[in-house]
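*Asks:* Just dropping this structure here.
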Amino acid sequence: MAVKIGDIAPDFSLESASGQRVSLSDFRGMKSVVLYFYPKDETTGCTKEACGFRDSYEAFKRLGAEVLGVSSDSSESHRKFVEHHTLPFTLLSDPKKVVRKLYGVRSSIGIIPGRVTYIIDREGRVIHIFNSQTRPEEHVREALRILKSSIPGSRTVATG
């Protein structure tokens, strides 16, 4: 069953590119989380998406959010991807696609792992879901827009 807006985001624990275990619950009560599922390290769309999150990472931090990327690639693949593109955020390895299934992220055309971004507030509630396989860079803009609009007294400002 797919996670929906308003649901408490299911907790999970996965290995990061650095070999550390990271749980979603590590951030509860402290930070919002931009949890994005992507198909594969070093592919054109996924590189554009990751570099977009990298280039906007300071803005996410100012908004009190952490970025977590999830794919079925190995931690070693993630480590190389992080180093190659100087990614400042955490990539998590889900080789058996357990978390992908837990969130209900479907494959495109039945074979390409889906590209879906979940915005999770500090209390652990899903406040927005963005699903687009073909517009990887839009995931970054949409996440920033939602985070800006969810802060009382802030204005949503269009980005690039």
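*Asks:* Any idea which residue in segment 37-89 is surrounded by the fewest Cβ atoms within 10 Å (Cβ to Cβ), counting only those that are over 21 Å from residue 101 (Cβ atoms) and of a type in the set (Phe, Trp, Tyr)?
*Replies:* Top of the filtered list is 57.
*Asks:* Can I ask one more? Please go through segment 7-21 and give me each residue that is over 18 Å from residue 105 (Cβ atoms) and of a type outside the set (Asp, Glu), ordered by number.
*Replies:* Matches in segment 7-21: 16, 17, 18, 19, 20, 21.
*Asks:* Restricting the search to segment 1-47, which residues are assigned to a strand (DSSP E or B) and touching a residue at least 60 places away in the same chain (Cβ under 8 Å)?
*Replies:* Listed by number, the residues that qualify are 8, 14, 15, 16, 22, 32, 33, 34, 35, 36, 37.
*Asks:* Right, another one. When you check residue 80 against the structure, is it of a type in the set (D, E, K, R), farther than 18 Å from residue 12 by Cα and at pLDDT below 95, yes or no?
*Replies:* No: the conditions fail for residue 80.
*Asks:* Condition test on residue 86, is it at positive phi and without any contact (Cβ under 8 Å) to a residue 40 or more places away in the chain?
*Replies:* For residue 86, the condition - at positive phi and without any contact (Cβ under 8 Å) to a residue 40 or more places away in the chain - is met.
*Asks:* Which condition from (1) touching a Cys at 6+ places or on another chain (Cβ under 9 Å); (2) hydrophobic (A, V, I, L, M, F, W, C); (3) surrounded by fewer than 20 Cβ atoms within 10 Å (Cβ to Cβ) is the one that residue 8 breaks?
*Replies:* Here residue 8 clears every test but (1).
Condition check ((1) polar (S, T, N, Q); (2) within 12 Å of the chain's Cα centre (by Cα)) across all residues:
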position	(1), (2)
15	no, no
19	no, no
24	no, yes
49	no, yes
61	no, no
64	no, no
77	yes, no
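*Asks:* Across segment 66-101, what is the total count of residues that are part of a strand (DSSP E or B), in contact with a Phe, Trp or Tyr (Cβ under 9 Å, 6 or more places away or on another chain) and farther than 14 Å from residue 40 by Cα?
*Replies:* Count: 3.
*Asks:* A further question on this structure: Among the numbered criteria (1) more than 14 Å from residue 32 (Cβ to Cβ); (2) in contact with a Leu (Cβ under 7 Å, 6 or more places away or on another chain), which single criterion is violated by residue 109?
*Replies:* Evaluating residue 109 over (1) more than 14 Å from residue 32 (Cβ to Cβ); (2) in contact with a Leu (Cβ under 7 Å, 6 or more places away or on another chain) leaves (2) as the failure.
*Asks:* Also: Tell me, yes or no, whether segment 107-122 has at least one residue that is more than 13 Å from the chain's Cα centre (by Cα), surrounded by fewer than 18 Cβ atoms within 10 Å (Cβ to Cβ), within 23 Å of residue 149 (Cβ to Cβ) and touching a residue at least 60 places away in the same chain (Cβ under 8 Å).
*Replies:* Yes, because at least one residue in segment 107-122 is more than 13 Å from the chain's Cα centre (by Cα), surrounded by fewer than 18 Cβ atoms within 10 Å (Cβ to Cβ), within 23 Å of residue 149 (Cβ to Cβ) and touching a residue at least 60 places away in the same chain (Cβ under 8 Å).
The values are calculated or read from the model by the stated rules, or taken from the named source; none is laboratory data. These numbers were taken from a predicted model, which means no experiment stands behind them. For neighbour counting, all protein chains shown are included, and Cβ atoms are generated from backbone atoms with ideal geometry for every residue, glycine included.
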